[in-house]
Amino acid sequence: MEKTAAAKRIQSKEHFLPEVQGLRALAVLMVVTYHVWLGRVSGGVDVFLLISAFLLTLSFVRKAEARKPFRLVSYWLHLFKRLLPAAVVVILGVLIGTWAILPPGRWPDVLDQAWASLLYRQNWLLADTAIDYYAQDHAAASPLQHFWSLSIQGQVFVLWPLVFAAAAILHRTILRRTGISYRLLLGVAFGAVFAVSLAYSVQQTATNQAYAYFDTRTRLWEFALGSLLALAVPFIKPGKLLRTVLGWAGLIAMVSCGLLLTVERSFPGFAALWPTLSAAAIIVAGQSGSRLGVDRLLSWKPLVALGNNSYALYLWHWPVLVFFLAQTGISTPGLAQGLGILAASLVLAVLTTRFVEAPLRRWHWPERKTWRTAVVVIACGALLAGPVALWQTQLTAEEAAAAAQPRDLTPGAMALVPGNAGKPTPEATVIPAPVAMKNEWANLEGPCTGANVPDNPLLSSCSELSKPDVVTKRIVVLGDSHAQQYMAALGPIAKQHGWEVVTLLLGNCRFGAETPDRVAECNAFNKASSEYVMQHRPDAVFTVASLTHKEAPFETEVPGYVDGIRPFTDAGIDVVGIRDNPRFTINMPECVQKKGASAPECNPPLAESLAASSPLDDYKGTVDRLYLMDMSDFICAGGICPAVVGNVYVYKDDNHLTKTYVQSMIPMFEQRLLAATGWK
């Protein structure tokens, strides 16, 4: 990955560590090969984190022991002057590839991530997305996703020098006469960071792994381990045989980590000790002095040369892979395709290092004054910020223009009303605009308050509409995101009729009685939801009563549905069960953006979307007070299930209806709801 300021300082005959540079090259090869051919995480990034802290610590300790000033502001500016140019070039390349290859629906996220990558906060953006079911669900890989590790490193490159400086001040002013050395003081500090961060990492990985993977705090121990290693290495002097054994054992363990562990699901807890300790063993082995030592391999000139280009190779390999997969439509490259991706990435890396990194590194003008270095850093940022801001402004203007179209140009589901069916819809821009698609979730107005607040912490997601002055009916909505999407219709109808609405929803958790088909979390959530309903005794419960699938059988009954609702109906509570909408193997709005709304792929057959005979028919007569609704004729029509109806996107991804389209169904939804239930 990137070369820190410390890495440059050891590029001298006195301090150059060729085996560490070769280790850096091997780590980047692990990352690239695992990504390209195995589609897995290798543990190589964890090795980078350790190496970067190792080199950083060597540099600052040498400065401190030589009584040289740290000059932190100058250090940070020179560091980011070295890191930003290559990163900006790659991000600009990603923007060009995004415009040329990716559908417009993905442009807003890439632009947001461009800002996050530039500002070294990409890991936090991905962490928030990773735990958000509604953001993560069906999200394709971002060409900037790999910047998460660079963001963590950038944050640590700001934090670690502060630790070095604070320790130096403490040592010089208070502890010098105690006999405590600067190295020992740093050892205590980084030992504490290691212990606290590792404990936190283990706990978070066990309870919230998706977020923990990108959390800087769960990764600090890996940097601390690298720093402790740098502090201890001068005092560790194993013999030639032990160095040889340590080196090869570390190399074998490091390379095999990603093959033997499911890294992306178990990191960065205890499991991440495997690659980091393996790399530490290789560094401790150092230059063995043996012809059989692993350092002979790691000091091999081509490998060291690759290490010099490792930062740029890491930057380029991921977007090249993502764009290749997006352009070809394949999921995994073959051997020849993967070699092509690797070759293209390597060529781009060498060109970036030679014509961007190296010239700026040799450019003396910025080195003479701190303000000049700041000018270069700001200029690099502006070079990227300008196009990103301009593009986002253009997308926002297009969104406003699309939303301002007359409603009769974008009738949505109204185009399928019997009186309108078959009539051509006037030409117009399809809504919502891609930049607005992330706002297409139907949300209620806020969390539950007052008497509606559940006692069970499992139901912390409880939401409600603002309570009407006169409540004529109380409704609880149970289920998952497919129940939530209908709030775009039920919410306005409820306000019109004075209904109080509360939602208890969990992503990917359809309501029903406990069954082995559901994960434990879903069964527990449904049980708690049922208890809430029985305690509050609303007038009605709204659910989704069928379950659609991407592959055959395309639609089935919800497991345990009748058993789940029977306690409600026995208690005199009405239950409304609506038929599910289709799921697909492709992202429907992206299909339209790539191939056009009339493309056959964007208009799959009804027979491959829903069951020929609705599962709701099997519920009829089985439970009193169960009222069934089927809106599928306003989603699928003429034997197909189109991605666009009445100039409105029907779906926001591969299975969720857009809020805009559901809102266009309100008149028909209200009519069928009242007709089915007999409510007044």
Express in nm, to one decimal, how much length is gained between Ala520 and Ala66 on full extension, taking 0.36 nm for each residue of separation and deducting their alpha carbon distance. 157.5 nm
On average, how much accessible surface per residue is there in region 449-520, in Å², for a 1.4 Å probe, leaving out ligands, DNA and RNA? 42
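What translational diffusion coefficient, to the nearest whole µm²/s, does region 392-457 have by Stokes-Einstein, given a Kirkwood radius computed over alpha-carbon pairs, a temperature of 10 °C and 1.306 mPa s viscosity?
Estimated via Stokes-Einstein, D reaches 104 µm²/s.
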Determine, for each peptide in 564-576, 143-155, 115-127, the mean count of other beta carbons within 10 angstrom over its residues, then list the peptides with the highest first. 143-155, 115-127, 564-576
Charge dipole of region 363-414 about the Cα centre (unit charges at C-beta), most positive-ward option of Thr370, Gly381, Gly412: Thr370
Could you state the principal axis extents of the C-alpha atoms in region 214-354, from the largest down, to the nearest angstrom? 53, 35, 28
Output the peptides 434-444, 592-602, 396-406 sorted from most to least packed, where packing is the average of other Cβ atoms within 10 Å over each peptide's residues. 434-444, 592-602, 396-406
Scattering curve values for region 49-164, log₁₀ I(q)/I(0), Debye with Cα scatterers, q = 0.14 Å⁻¹: -0.68
quick shape note, region 212-259: Cα extents on principal axes in Å, largest first -> 39, 31, 7
Using the C-alpha atoms of region 140-200, what convex hull volume per residue, in cubic angstrom, is computed? 83
Sorted by mean Cβ packing within 10 Å, highest first, what order do the peptides 477-487, 381-391, 621-631 take? 477-487, 621-631, 381-391
Between region 232-252 and region 180-214, the Cα center-to-center distance that results, in Å: 25
Share of antiparallel DSSP beta bridges in the chain, in percent to the nearest 5? 40
Along Cα→Cβ, 7 Å out, is where each label goes; now give me the distance between the ones at Ala385 and Ser461 in nm to one decimal. 3.8
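Dividing the alpha-carbon radius of gyration of region 571-680 by 2.2 N^0.38 Å (N being the number of residues), what value is obtained? Mind showing how you got there, number by number?
On the way: Rg = 15.5 Å, N = 110, 2.2 N^0.38 = 13.1 Å.
Its radius of gyration relative to the 2.2 N^0.38 Å reference: 1.18.
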At a temperature of 10 °C and a viscosity of 1.306 mPa s, determine how fast region 451-598 diffuses translationally according to Stokes-Einstein, using the Kirkwood radius over alpha-carbon pairs as Rh; express D in µm²/s, rounded to the nearest whole number. 97
Please report Rg (one decimal) and Dmax (integer) in Å for the Cα set of region 338-379. 14.7, 45
If you take the alpha carbon radius of gyration of region 482-533 and divide it by 2.2 N^0.38 Å, what ratio comes out, to two decimals? 1.33
Hydrodynamic radius by Kirkwood, which averages 1/r over all alpha carbon pairs of region 288-376, in angstrom: 15.9
Summarise the long-distance tail of P(r) for region 170-209 by giving the % of C-alpha pairs beyond 12 Å. 64
How much of the accessible area of region 221-276, in percent, comes from carbon and sulfur atoms when a 1.4 Å probe is used? 76
In Å, the Kirkwood hydrodynamic radius of the chain over pairs of distinct alpha carbons? 28.3
Using the 4.7 Å Cβ rule, please list in number order the cysteines from the chain without any candidate partner. Cys257, Cys380
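How much length would be gained if the chain were fully extended between Val453 and Gln287, taking 0.36 nm per residue of separation minus their Cα-Cα distance, in nm to one decimal?
Full extension of this stretch gives 53.3 nm more.
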Could you calculate the contour length gain from Asp570 to Lys240, that is, 0.36 nm times the residue separation minus the distance between their Cα atoms, to one decimal place in nm? 110.9 nm
With all distinct Cα pairs included, what does the Kirkwood hydrodynamic radius of region 334-492 come out to in Å, to one decimal, could you say? 22.9
Checking the table Lys81/Lys369; Lys527/Lys652; Lys423/Lys652; Lys473/Lys680 against a 22 Å threshold on Cα-Cα, which pairs fail? Lys527/Lys652; Lys423/Lys652
Suppose R0 equals 22 Å; then what is the FRET efficiency for Lys620 and Ile493 from their Cβ-Cβ distance, rounded to the nearest 0.05? 0.35
May I ask for the distance between the Cα centers of region 34-49 and region 559-588, given as a whole number of Å? 42
For region 243-294, with equal point scatterers placed on the C-alpha atoms only and solvent neglected, what are the log10 I(q)/I(0) values from the Debye formula at q = 0.22 1/Å, to two decimals? -0.72
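The values are calculated or read from the model by the stated rules, or taken from the named source; none is laboratory data. Given the structure is predicted, the values throughout are model-derived calculations rather than measurements. Every residue, glycine among them, receives a Cβ derived from its backbone with ideal geometry; neighbour counts consider all protein chains shown. Only protein heavy atoms, including side chains, enter the accessible area calculation; ligands, DNA and RNA are left aside. Shrake-Rupley method; radii C 1.70, N 1.55, O 1.52, S 1.80 Å.
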